[in-house]
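Below: one structure, written as C-alpha cells.
Derivation of every value follows stated rules applied to the coordinates shown; laboratory data play no part. Computed from a prediction, not measured in an experiment: that's the story for all the values here. Ideal geometry is used to build each Cβ from the backbone, glycine not excepted, and the neighbour counts take in all protein chains shown.
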C-alpha cells in the first residue's frame with residue numbers, strides 16, 4: 001500500500017514537473033514571438049520617422065491590455081470576460097501604426113502631386129533631377145521633405161540616384177511614387193524629355209484623383225451601410241444588457257450562447273467582407 005502511494009506521488013510529481021517545464025517552454029516561445037513582433041513594430045515606426053524604443057512600446061501594449069480589461073469588466077460586470085478580452089489590447093498598437101502609416105501616405109501623395117510640377121519647372125530651368133529633388137525637399141514640409149532629403153543623403157554617400165529612388169518606393173509604398181520612379185527609369189534608359197514626362201504624369205494623377213473622388217461619393221452609402229451593420233449588433237446587445245442583464249448574460253455564460261455569438265460574429269464578418277468587395281473599386 002505504501003509502495004503504491006509512493007508510486008502515485010512520484011508519478012504525480014513527475015507529471016507536475018513535465019507540465020511546469022512544458023509551460024515555461026511555451027511561455028518562453030511566446031515571449032520570443034512577441035519580442036519579434038515588437039521589434040518589427042519599432043522598425044515600422046522608424047520608417048515613419050517616429051523614434052520609440054521597444055521597452056516603451058511594450059509598456060504601451062501592457063497598458064492597452066489593462067485598459068481593455070477594465071473597460072470590458074465594467075461594461076459586462078464580468079471579470080472573466082475582461083480577462084478573456086484583455087489580449088485584444090495588443091492590437092491597439094498595430095492599428096495605431098497602420099493609421100499613422102495611412103495618414104502619412106495620404107499626406108505624402110497630396111504633397112507629391114504638387115511637387116511633380118515643381119520638379120518639372122526646375123528641370124526646365126536647367127537643374128538636374130537630383131538638384132530638383134533637393135529643392136523640393138527644402139520647399140515642402142514632412143513627410144515629403146523627409147523622404148526627398150534622404151535621397152540627397154544617400155547620393156552624398158555614393159548611392160546611385162536610381163537606387164535611392166527605389167529605396168524610397170520600398171519605404172513609402174505609394175502608387176504615385178512608383179509611377180514616377182518607373183517613368184524616370186524608362187526615360188533615362190531610352191532617352192526623352194523628363195520635364196514633359198513629369199507634366200504628363202501630373203495630369204494623369206490629377207485625373208485619377210478626380211475619378212477616385214467621384215467613386216468615393218457614389219460608394220458612400222455602401223460604406224455607411226457596412227458601418228451600421230457592424231455597429232448595430234454591439235449597440236443592441238449593450239442596450240439589452242442595460243435594460244435587463246439577465247436577458248443577455250446567457251450568451252456569455254452558456255455554451256449555447258457562445259455558439260450563437262460565434263455564428264453572429266461569423267455572419268458579421270461575411271457581410272463586411274462582401275460589402276467591402278462591392279464598394280471597393282480600384283482606379
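The table for this structure:
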quantity	calculated
Prolate/oblate/rounded label for segment 32-174 (Cα gyration tensor, a/c 1.5)	prolate
Per-residue Cβ neighbour rank within 10 angstrom, fewest leading, 103, 208	103, 208
Rounded to 10°, Cα long-axis angle of helix 90-124 versus longest principal axis of the chain	0 degrees
Mean Cβ neighbour count within 10 Å, used as a protection proxy, ranking 181-187, 130-136 highest first	130-136, 181-187
Principal-axis tilt of helix 2-47 within the chain, Cα atoms, nearest 10 degrees	20 degrees
For segment 91-152 and segment 195-231, distance of Cα centres in Å	20 Å
Linear extension gain, residue 204 paired with residue 252, 0.36 nm per residue minus alpha-carbon span	11.9 nm
Tensor-based shape of segment 219-279 (alpha-carbon gyration tensor, a/c under 1.5 rounded, otherwise prolate or oblate)	oblate
Global geometry of segment 102-202, whether rounded, prolate or oblate, following the gyration tensor of its Cα atoms and the 1.5 cut on a/c	rounded
Folded to 0 to 90 degrees: helix 161-172 orientation relative to the chain principal axis, Cα	30 degrees
The chain: C-alpha pair distances exceeding 36 Å, %	45 percent
Computed helical MRE - 222 nm, the chain, DSSP H runs ≥ 4 contributing -39500 (n - 2.57), nearest 500	-29500 deg cm²/dmol
